[in-house]
Amino acid sequence: MRSDYMLYSVAIILFVITGILYFILTAENERVVSVVATMTFGILVAGLGYMLRPRTRPAAATTAPSEAPTTSIATTPPPPVIELEPAPVEHVKEKTPASTEFVPLKLRLTKIKGIGEMRSTQLKSLGIGNVKDLAQASAKDLAGKLDVSPKTTARWIADAKAIVEKKS
């Protein structure tokens, strides 16, 4: 049994004894002295138990090289490296913009509310690489491919269209 638990138990017993002495003793002087003495001793024992409790160390704590342990400690092997094949790149012939046509926006997809880095990567794997591509996408098709609500994809597309109109 841990020493702090043992000291807490002793403190609880002293508090119970304090209560019993309060109701048993009839002489006022005896009652005051015994109650104060047992209560004080109980508080001291509880404080000692608190001081002896085990401490947890923060995860970021490191030891200096001079304090490094001399015994060998088994370490866990590093996680396996998973090599991912790059997604096939479809070569799309881009139109050369006419003088009146606006150059396609190269804004990141993460500018759209609700699209983070992970969702941006998913969209790029579907061929949607920037905000203008998203503005031209179909909400229903996109929802089916990403397994999200068509309402959500429609909101993304509406936001993308608003950004494209604002920039042009």
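Worth pointing out:
- Complete set of residues in segment 9-30 that are in contact with a helix residue (DSSP H, G or I) (Cβ under 6 Å, 6 or more places away or on another chain) and not small (Gly, Ala, Ser): Val10, Leu14, Phe15, Ile17, Thr18, Leu21, Tyr22, Leu25
- Selection from segment 20-41 of residues that are in a helix (DSSP H, G or I) and either at pLDDT 90 or above or of a type in the set (A, V, I, L, M, F, W, C) (or both): Ile20, Leu21, Phe23, Ile24, Val32, Val33, Val35, Val36, Ala37, Met39, Thr40, Phe41
The values are calculated or read from the model by the stated rules, or taken from the named source; none is laboratory data. Keep in mind it's a predicted model, so treat the numbers as computed, not measured. Here Cβ is always computed from backbone atoms with ideal geometry, including for glycine, and neighbour counts include all displayed protein chains.
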